[in-house]
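Below you'll find the structure, written out as structure tokens, and then a few comments.
The values are calculated or read from the model by the stated rules, or taken from the named source; none is laboratory data. None of the values given here were measured: they were computed from a predicted structure. Cβ atoms come from the backbone with ideal geometry, glycine included; neighbour counts cover every protein chain shown. Surface accessibility is based on the protein's heavy atoms, side chains included, excluding ligands, DNA and RNA. Shrake-Rupley method; radii C 1.70, N 1.55, O 1.52, S 1.80 Å.
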Amino acid sequence: MDVLDAVAPGRDDLVTVIQAYFDESYGPDGLLCVAGYVFTKAGVRGITGEWGNMLRRYKLPYFRMSDCAHGKGVFANIGRETRDKIAREAIRMATHYSGFGVAATISEHEFNEKVPEGPYIGNARAYEFAVWNCLMGVRQFMRDAEYKGKAAYFFEAGHRSQSAANRLMNSLFESPNMRAEYRYLSHTFVAKEAGAPIQAADLLAWQFYQDRRRELAGDKRRKDMEALMSKQAYVFRHINIERHAQMVQKLMDEISSEIAAGQDPS
């Protein structure tokens, strides 16, 4: 609750709706990261205003962390020193206005190769499973904060995994029990250009993706990642494929046994 109070001193925001924004980052190595931030309404208002001022100051239509880091896209004509300054500003705002950050990294290639397919959440493809892990982080955050309001979930529109995210959310929240557990109000897809919160999620996903890549390669953590980690509370998980595949296979075997015995596996 102290974390929420820090970004939303007015208690009214704590009993209405919090907003969770998610984005993904991935590369040809098969590594995938899904990450996001939780905001109160006050946090959304705060970051939207200040982030918009930053974009106008640098004449940017939107912020994308990968383009900022490599001088591509809308950052192609901006020098490295200025890009570093912009990234530091974005990190400061993302950590200041959000209440909590969550991230999950997973090897898509390994997951698709080793995890059996089936009609259960554990069998969901890599992206969906990573999203589910992030949702569980948000759920735990709400429990710890004793939050009793609702939660709205946002994903980037037009991304390669939009259909998978929509399928997962619809499947999860068909159940009234799951809707209550995750305080579910709605899920929506928003354009990257639509606002600061989804661009902040983009920043977080890219940073955690790069951090996991560097960890696997034995390289040091980036300084901007160190700054990000020092100023915010996060739950992040590097998903162990071998352990998960064994768990899924055991679950499927148990369900098959119950069906064979004429029992209802639900």
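Report the paramagnetic label zone for Lys72: residues of the range 191-231 whose backbone N is under 19 Å from a point 7 Å from Cα along the Cα-to-Cβ axis.
Correct set: 192-193, 199-214.
Name the long-range amide H neighbours of His238: under 5 Å, sequence gap of 5 or more, or other chain; modelled H, no Pro or chain starts.
The list, which skips near neighbours in sequence, is Thr105.
Could you run the Karplus curve 6.51 cos²θ - 1.76 cosθ + 1.60 with θ = phi - 60° over the range 32-47 and give me ³J(HN,Hα) per residue in whole Hz, x for Gly and Pro?
Whole-Hz 3J(HN,Hα) from phi for the range 32-47: 10, 10, 10, 8, x, 10, 9, 10, 7, 4, 5, x, 4, 4, x, 5.
Order the following by accessible area, largest value first: Ser171, Ser107. Probe radius 1.4 Å; ligands, DNA and RNA are ignored. Spell out each step's value before the answer.
Numbers: Ser171 75, Ser107 30 Å².
Reading off the accessible areas and sorting them downward yields Ser171, Ser107.
Grab the other residues whose beta carbon is less than 11 angstrom from that of Leu228, score K and R as +1, D and E as -1, and report the net.
Working: positive: Arg88, Arg92, Arg221, Arg222, Lys223, Lys231; negative: Asp211, Asp224, Glu226.
So the surrounding residues net to +3.
For a quick check: with amide H placed at 1.01 Å from N, whose amide H comes under 5 Å from Ala157's, ignoring anything fewer than 5 positions away on the same chain?
Val190, Ala191, Lys192
Could you grab the relative contact order for the range 54-106? Cα pairs under 8 Å, six or more apart, rounded to a whole percent. Before the final figure, lay out each step's value.
Details: 28 pairs, mean separation 12.0, N = 53.
Reported relative contact order: 23 percent.
Could you give the nm distance between label points at His109 and Leu216, where each point is 7 Å from its Cα heading toward the beta carbon?
It works out to 0.8 nm between the two label points.
Counting only C-alpha contacts under 8 Å and six or more residues apart, can you give the relative contact order of the range 26-167 as a whole percent?
Values: 129 pairs, mean separation 42.1, N = 142.
The value is 30 percent.
Compute the relative contact order of the range 109-223 as a whole-number percentage, counting only Cα pairs closer than 8 Å that sit 6 or more residues apart in sequence. Mind dumping the intermediate values first?
Working: 82 pairs, mean separation 24.8, N = 115.
22 percent.
Write out the GluC sites (Glu not before Pro) in the range 145-186 meeting two conditions: DSSP loop, and at most 13 other Cβ atoms within 10 Å of their Cβ.
Numbers: sites: Glu146, Glu156, Glu174, Glu181; in loops: Glu146, Glu174.
Passing sites in the range 145-186 are Glu146, Glu174.
Rounded, prolate or oblate: which fits the range 77-187, taking a ≥ b ≥ c as square roots of the Cα gyration tensor eigenvalues, rounded meaning a/c under 1.5, else prolate when a/b beats b/c?
Here the range 77-187 falls in the oblate category.
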